[in-house]
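Visitor: I have a structure here, written as structure tokens, and I will follow up with some questions on it.
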There are 2 protein chains.
Amino acid sequence: MFALDPQLANDTIVIGDLELSRVLLMNDKNYPWIILVPRIEQAVEVFQLSESQQRELTAESALIAQVMYRHFSADKMNVAALGNVVAQLHVHHIVRFKSDLCWPKPVWGVCAPVQYTRGESAAMVDTLRVLLTPMGLLL
Amino acid sequence: MFALDPQLANDTIVIGDLELSRVLLMNDKNYPWIILVPRIEQAVEVFQLSESQQRELTAESALIAQVMYRHFSADKMNVAALGNVVAQLHVHHIVRFKSDLCWPKPVWGVCAPVQYTRGESAAMVDTLRVLLTPMGLLL
């Protein structure tokens, strides 16, 4: 049984599910930031997934990165599976702008997150659902 | 024509080539750290690769991560495509230990790199070539 890590649940808002992964909005309005969590029990490293799961994660990651890059006119996407704090396998997709708070540094541990208001996060989730539903997102 | 970015060339030592990617050792002895650079001209984002190139990069990334994880008895692998400073597409694979200098923070911009001596880097490159040659590494 897959269960989302409690800290990931606390730090994010659920957008929906792709075929393999739960799609989460990171609650940090400094950057549009989506986390993909493959719904595979006890997965920690990408190489622990089956080959077909790895291919699906790659496809979902590329989809998310491309959709965000285009919609937000990103200068760069940062895509990363770190997991030093939360072990459950999760892949960050962060839209970076040359004008953002942390540029050109990576965001983790450098710039303090700024939470969305409820209205702001609801609007962002709606926007991302509109973008991702034609790509196979299920609510 | 593919050419390695000059800053990547300056910061790393060449280990060899896999089918898609050049395999580089980051010159930072704080952690075993391999960078994969797909030999595709002007690639910046993973989603700009063809689907078959994305699948190959996923396979090479999983191979590198798994081999390093096992050989060095990692606590965690950090795998990331950032590219805020060097645009050329490159994917970090960093062996992390709970005892390392930066744990649990990500390494970039947090802990100053410590260069290998020539003998140390030659020994590490030899070790990685022995591990990766049976996996298809060409020198």
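The values are calculated or read from the model by the stated rules, or taken from the named source; none is laboratory data. Fair warning: this is a prediction, and the values are worked out from it, not measured in the lab. Every residue, glycine as well, gets a Cβ built from its backbone with ideal geometry; the counts of neighbours run over all protein chains shown. The accessibility values were calculated without ligands, DNA or RNA, using every heavy atom of the protein model including side chains. Shrake-Rupley method; radii C 1.70, N 1.55, O 1.52, S 1.80 Å.
Visitor: Taking every residue in A:72-84, how many Cβ atoms of other protein chains lie within 10 Å of its Cβ, on average?
Guide: Working: counts 0, 0, 1, 3, 8, 7, 5, 9, 9, 7, 11, 7, 12.
Shielding by partners across A:72-84 averages 6.
Visitor: Follow-up. Whole number in Å², please: accessible area per residue of the stretch B:6-132, 1.4 Å probe, ligands, DNA and RNA not counted.
Guide: 43 Å²
Visitor: Limiting things to C-alpha atoms, what are the Rg and the maximum Cα-Cα separation (Dmax) for the protein assembly as shown, in angstroms?
Guide: Here Rg and the maximum Cα pair distance are 18.2, 58 Å.
Visitor: Could you give the size of the charge dipole of chain A about its Cα centre, using +1 on the Cβ of each K and R and -1 on the Cβ of each D and E, expressed in debye and rounded to the nearest 20?
Guide: Using Cβ point charges on Lys, Arg, Asp and Glu, chain A gives about 440 debye.
Visitor: Could I ask something else about it? Just to be sure I understand the interface: list residues from the stretch A:89-114 that lose 40 Å² or more of accessible area between the chain on its own and the complete protein assembly, 1.4 Å probe.
Guide: A:PRO104, A:PRO106, A:TRP108
Visitor: Put +1 on the Cβ of every Lys and Arg and -1 on every Asp and Glu Cβ in the stretch B:1-61; which of B:GLN42, B:LEU18, B:MET1 then has its Cα farthest towards the positive end of the dipole?
Guide: B:LEU18
Visitor: Next up: Return the carbon/sulfur percentage of the accessible area of the stretch A:1-92, one whole number, probe 1.4 Å, all protein chains in place.
Guide: So the carbon and sulfur contribution to the accessible surface is 47 percent.
Visitor: Name the trypsin sites (Lys or Arg not before Pro) in the stretch B:47-139 that are in a loop by DSSP and that have at most 16 other C-beta atoms within 10 Å, would you? Spell out each step's value before the answer.
Guide: Values: sites: B:ARG55, B:ARG70, B:LYS76, B:ARG96, B:LYS98, B:ARG118, B:ARG129; in loops: B:LYS98.
Hits after loop and neighbour filter: B:LYS98.
Visitor: Let me ask you something else. A:LYS98: which aspartates and glutamates have alpha carbons under 13 Å from its alpha carbon, excluding same-chain residues fewer than 8 sequence positions away?
Guide: Cross-link targets: A:ASP75.
Visitor: Ballpark to the nearest 100 Å², how much total accessible area do A and B bury together, probe 1.4 Å?
Guide: By this definition, chains A and B bury close to 2600 Å².
Visitor: Just to confirm my numbers, what's the Cα centroid distance between the stretch A:59-90 and the stretch A:2-18 in Å?
Guide: Centre-to-centre (Cα) distance: 15 Å.
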